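The values are calculated or read from the model by the stated rules, or taken from the named source; none is laboratory data. These numbers were taken from a predicted model, which means no experiment stands behind them. A quick note on method: Cβ atoms are made from the backbone with ideal geometry, for glycine too, and the neighbour counts reach across all protein chains shown. What goes into the accessible areas is simple: the full protein's heavy atoms, side chains included, and nothing from ligands, DNA or RNA. Shrake-Rupley method; radii C 1.70, N 1.55, O 1.52, S 1.80 Å.
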Amino acid sequence: MSLILDGLNQDILIYLFTVLSIPEILLLRQVSRRLYIVSEQHAVWKTACTNKILRNGIPFPKRALTSFSAKDLERQTMRAYRLGLNWRSPTTTLHQVVSTHIKFGAVEQIKFLSRRGRSWIITTSIGIWWTLCVRDCDSLHVVAEWSPGKALFNGIAVNSDDQSDAAIAISVHSAGNTTVELLTISDDDAGGVTIQPLRTLDTSNKPVALNGDIVALCDHDSETLILNWKTQEQALLKSSDTWQDKPLHVVFAQGSIFVVRARSICIFEEPRMVLPGDDLDIVWPRVCKSFGWVDGVSLALGPAQFFPVISCQSSLSLLVRNKGSDPWRPTEQFQFMKLNADFSQTPGDTSQDTSSTSQESSSFPFNLISSLSSHHQGPLRCSDMVLGSYGTAVWIQPSDWSAGGLIPEEHVIRQVYASMRSQESLVVALFPGLLNQGSSEAHFKVVLESNESGWSCLDYDETRGLIALGSGTGEVTVYRL
C-alpha cells in the first residue's frame with residue numbers, strides 16, 4: 001500500500017488527506033516518510049480545522065487560518081480536537097497545570113492576554129504597593145512587572161485586539177487623583193519583556209473594555225464614555241435608571257453597544273463620535289433591562305462573529321446568576337439567554353431618556369434558553385463568572401452554609417448543626433450551543449472542590465481550555481480542560 005500511495009502526485013495525496021478525519025490523518029501519515037511530509041502541508045490542516053473543528057462547534061483561536069504557519073495550525077487543530085473530545089465526554093476532566101505562591105500579596109484581578117502570537121497571564125496584587133505582573137502561562141514566572149508606587153488600582157481591561165499598540169488599560173488612584181494608564185508590552189534588548197506607559201487618560205471612570213484603539217470607560221452609576229484614545233473622538237452613553245451599578249462588560253456587536261452592569265443591561269445604538277470641543281450629546285439606550293440584585297452577569301459574542309463558516313443563529317449570549325425566590329431553601333439560578341435572531345437594527349430615538357425599565361422590559365431582545373440550579377449558598381468573595389463564545393462557562397461556587405442552621409422540615413423550621421463545613425468549588429458548565437451538539441439542556445461538567453478557601457478572582461480562556469485563579473493568600477493556579 002505504501003508503494004501505491006507513494007506513486008501518487010502531491011496534489012492527489014493532499015486531497016486524500018483532506019477527506020480524512022483527524023485520527024485517520026494521524027494514522028495515514030505513519031505509512032511512509034513521504035506521506036508524513038505531505039500531511040504537514042498547510043492545506044491539509046486548514047481543511048481539517050475548517051471541517052472538523054470550526055464546523056463542529058469546537059473552540060478555536062479567533063484568527064484567520066491563513067495567519068498560522070502550517071506547524072502552528074496543526075498544533076492548534078490538535079489541541080482543539082482534544083479539547084472538543086473532553087467537553088463532549090460524559091466524564092469531562094480538569095487538570096491542574098501549575099500553581100505558585102507569589103510574593104506580592106493578595107491577588108485582586110487576573111486576566112489572560114494574547115499579544116502578537118504570545119500568551120500571558122496578567123495579575124494585579126496588593127503588597128506594600130499595588131503591582132501589575134505579566135506571567136508566563138506555562139510556568140507562572142513573572143516576566144515583567146509594573147507599579148506606580150504609592151497608588152491603588154481600581155479596574156483593568158486587556159485588549160481584545162492582539163495587534164493594537166495598547167495592551168492594557170488600568171485605573172490608578174494616586175495622591176488624590178485618578179487616571180487611566182494605557183500600557184504597552186514589548187520585547188526588550190535582552191530578549192525579555194517590558195511594560196511601558198503609552199498614554200495617560202485624565203478620568204476617574206473605570207476601564208471596562210479595550211478593543212483596538214477604542215476604550216470604554218464607565219462610572220459606578222450610569223455613564224459610559226466611549227473613547228478613541230488615538231484621535232480623542234468620543235461619545236457619552238447614559239442610563240438614568242441605574243445607581244451604584246458596578247460595570248462588568250461593554251460589547252460592540254450588530255451596530256449596537258451592550259453595556260452590562262451588576263444589575264442591568266442597556267443596549268445603545270452605535271453613536272456618532274465627536275472630537276473634543278464639539279457638542280457631546282448624551283446617547284440614551286434603546287433598551288434597558290434591570291436584573292434586580294444578582295451575583296453575576298456575563299455576556300459573550302458568538303463564534304460566528306469570527307468564523308463565517310460557523311452556522312449560528314444568535315450573535316450574543318447572556319448568563320445571569322441570581323438567587324432563588326424561597327428564602328428558606330436557598331438556591332442559585334444560572335439563567336442562559338440568547339439574543340433574538342431578528343433583533344432589529346432599525347435606529348430609534350436615542351436623543352431622549354427612554355431608559356425606564358418598566359417601559360422597556362417587554363422589548364428585551366434576549367430569550368431564556370435554559371437554566372441550572374445550585375443548592376450551595378454561602379459567602380461569595382469571588383463573583384467573577386465567565387461565559388465563553390461556545391456556551392461554556394466557569395464560576396466559583398461558595399462553600400455550602402445551608403447544610404446547617406435553620407432548615408425547613410415539612411411545616412416547621414428546626415435548628416440543624418452541620419457536622420463539617422464544605423469548601424468552595426470551581427464549577428465548569430456547558431450551556432446549549434454548537435459545542436453542546438444541539439442539546440437544549442445545560443449541564444454541570446466539572447465541580448472541583450478547593451483544598452482551602454480564599455479564591456478572589458478568576459479568568460477563563462475558552463479557546464485553550466485554561467482557567468486561571470487568584471487567591472487572597474497570594475496563590476495563582478492554572479487548570480486545563
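Odds and ends about this structure:
- Enumeration of residues in the stretch 202-238 that are under 22 Å from Arg286 (Cβ atoms) and in a loop (DSSP other than H, G, I, E, B): Asp219, Asp221, Ser222, Glu233
- Failed condition for Ser139, given (1) touching a strand residue (DSSP E or B) at 6+ places or on another chain (Cβ under 7 Å); (2) over 26 Å from Val98 (Cα atoms); (3) surrounded by fewer than 15 Cβ atoms within 10 Å (Cβ to Cβ): (2)
- Criterion applied to Val193, Val180, Val142 was being at pLDDT 95 or above and over 21 Å from the mean Cα position of the chain (by Cα), and the one residue passing it is Val180.
- Selection status of Leu210, over 22 Å from Ala144 (Cα atoms), touching a strand residue (DSSP E or B) at 6+ places or on another chain (Cβ under 8 Å) and without any contact (Cβ under 8 Å) to a residue 60 or more places away in the chain: no
- Scope the stretch 21-31; condition open to solvent by less than 30 Å² (accessible area, probe 1.4 Å) and either part of a loop (DSSP other than H, G, I, E, B) or over 24 Å from Asn56 (Cα atoms) (or both); matching residues: Arg29
- Candidate set: the stretch 262-280, residues that are among the charged types (D, E, K, R) and modelled with pLDDT under 90; chosen: the one nearest to Phe334 (Cα to Cα): Arg263
- Yes/no for Gln244 being surrounded by fewer than 22 Cβ atoms within 10 Å (Cβ to Cβ), more than 25 Å from Asn367 (Cα to Cα) and of a type in the set (S, T, N, Q): yes
- Any hit, the stretch 98-107, residues being buried (at least 18 other Cβ atoms within 10 Å of the Cβ) and closer than 17 Å to Val394 by Cβ: yes
- Check on Leu132, part of a loop (DSSP other than H, G, I, E, B), out of contact with any Lys or Arg (no Cβ under 7 Å at 6 or more places or on another chain) and hydrophobic (A, V, I, L, M, F, W, C): no
Conditions tested, residue by residue: (1) within 28 Å of Gly388 (Cα to Cα); (2) of a type outside the set (D, E, K, R).
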position	(1), (2)
Ser174	no, yes
Leu182	yes, yes
Gly191	no, yes
Asp202	no, no
Lys206	yes, no
Leu227	yes, yes
Ala253	yes, yes
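- Hits in the stretch 288-305 - residues which are over 16 Å from Phe334 (Cα atoms), at pLDDT 85 or above and open to solvent by less than 10 Å² (accessible area, probe 1.4 Å): Cys288
- Failed criterion for Asp6 (all others in (1) more than 29 Å from Asn436 (Cα to Cα); (2) out of contact with any Ser or Thr (no Cβ under 7 Å at 6 or more places or on another chain) hold): (2)
- Selection within the stretch 419-465: residues that are part of a loop (DSSP other than H, G, I, E, B) and aliphatic (A, V, I, L, M). The member of this set that is modelled with the highest pLDDT is Ala442.
- The set of residues in the stretch 32-41 that are part of a helix (DSSP H, G or I) and open to solvent by 40 Å² or more (accessible area, probe 1.4 Å) comprises Arg33, Arg34, Tyr36, Ile37.
- Residue within the stretch 348-367 that is outside any strand (DSSP E or B), in contact with a helix residue (DSSP H, G or I) (Cβ under 9 Å, 6 or more places away or on another chain), closer than 30 Å to Leu280 by Cα and at pLDDT below 80 present: yes
- Of everything listed in (1) free of Cβ contacts under 8 Å to residues at least 40 places away in the same chain; (2) among the hydrophobic types (A, V, I, L, M, F, W, C); (3) within 30 Å of Val428 (Cα to Cα), the single unmet condition for Met78 is (1).
- Within the stretch 185-203, considering residues that are closer than 16 Å to Cys133 by Cα and among the hydrophobic types (A, V, I, L, M, F, W, C), the one surrounded by the most Cβ atoms within 10 Å (Cβ to Cβ): Ile185
- Among the residues of the stretch 64-91, those identified as surrounded by 17 or more Cβ atoms within 10 Å (Cβ to Cβ) and not aromatic (Phe, Trp, Tyr) are Leu65, Leu73, Glu74, Gln76, Thr77, Met78, Arg79, Ala80, Leu83, Gly84, Asn86.
- Meets criteria (open to solvent by 40 Å² or more (accessible area, probe 1.4 Å), in a helix (DSSP H, G or I) and over 28 Å from Arg88 (Cβ atoms)) for Ile4: yes
- Taking the stretch 108-136 as the range and being basic (Lys, Arg) and either closer than 15 Å to Asp459 by Cα or open to solvent by 50 Å² or more (accessible area, probe 1.4 Å) (or both) as the test, the residues that pass are Lys111, Arg116, Arg118, Arg135.
- Within the stretch 7-20, the set of residues being in contact with a helix residue (DSSP H, G or I) (Cβ under 9 Å, 6 or more places away or on another chain), open to solvent by 50 Å² or more (accessible area, probe 1.4 Å) and among the β-branched types (Val, Ile, Thr) comprises Val19 only.
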